[in-house]
Each structure stands twice: as structure tokens, then as C-alpha cells.
Amino acid sequence: MTTPELYSTYCTRCHGARGEGQPDSLTLYPHLNLLASPMIRRGDRPAVRQRIADGYGPMPGFKRRLTPEELERLIDFTMQLKERP
């Protein structure tokens, strides 16, 4: 599976196609907007890894669904969202 396909499969439903978050959920969960996420903005790769692997609050953990390589590729993709047009 390509990295964009990983993001589409596991992340788009809540975080939106470009990381902007689903509008109907942003009031309750503002950090669904990855473009404004403090972890993403400060480039905190270990925190992003932990959040994707273990989950947090309503977000499920994906360490059992993703291989270590897929997890790292998804982290790379997520960290680059702030730089995409």
C-alpha cells in the first residue's frame, strides 16, 4: 500500500484528506486538524509516533494494524502535511 493510501485508509475519516480535520468534529476535537496540531507544528516525531501507535482518547491505536515501516511512512507523511499547499 502506498503512503497516501495508508493515510486515506487509516486517517482521512477523522483528519480529512489534507489534514484539516472533519468540520463537524473540530469543535469537540480541535486537534483533528493536523495542520494546527502542536505536535505536528513543532515536529515532535516521537509524540506523533506514540499517538499513531497507541491512540489517544477516541483515536484508536494502529500498532497492531501497521508494520513498523508503514508506521514510519505514515509519520513522514503526517509531518509533511503542514508543508503541503
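Since Lys63 meets every condition but one in (1) at pLDDT below 95; (2) in a loop (DSSP other than H, G, I, E, B), which condition does it not meet? Lys63 satisfies all of (1) at pLDDT below 95; (2) in a loop (DSSP other than H, G, I, E, B) except (1).
Taken over region 18-39, residues that are assigned to a loop (DSSP other than H, G, I, E, B), more than 13 Å from the chain's Cα centre (by Cα) and surrounded by 14 or more Cβ atoms within 10 Å (Cβ to Cβ) amount to 2.
Consider Gly61 carefully, then state whether it is open to solvent by 60 Å² or more (accessible area, probe 1.4 Å), small (Gly, Ala, Ser) and without any contact (Cβ under 8 Å) to a residue 40 or more places away in the chain. In short, no.
Checking Arg73, Arg49, Arg42 one by one, the residue that is open to solvent by 80 Å² or more (accessible area, probe 1.4 Å) and at pLDDT 90 or above is Arg42 and no other. Of note, Leu6 does not satisfy the criterion of being surrounded by 13 or more Cβ atoms within 10 Å (Cβ to Cβ) and more than 15 Å from Ile75 (Cα to Cα).
The values are calculated or read from the model by the stated rules, or taken from the named source; none is laboratory data. Since the structure is predicted, the reported quantities are computational estimates derived from the model, not experimental observations. Note that each Cβ is placed from the backbone with ideal geometry, even for glycine, and that neighbours are counted across all protein chains shown. We work out accessible area using only protein heavy atoms, side chains counted, and drop any ligands, DNA or RNA first. Shrake-Rupley method; radii C 1.70, N 1.55, O 1.52, S 1.80 Å.
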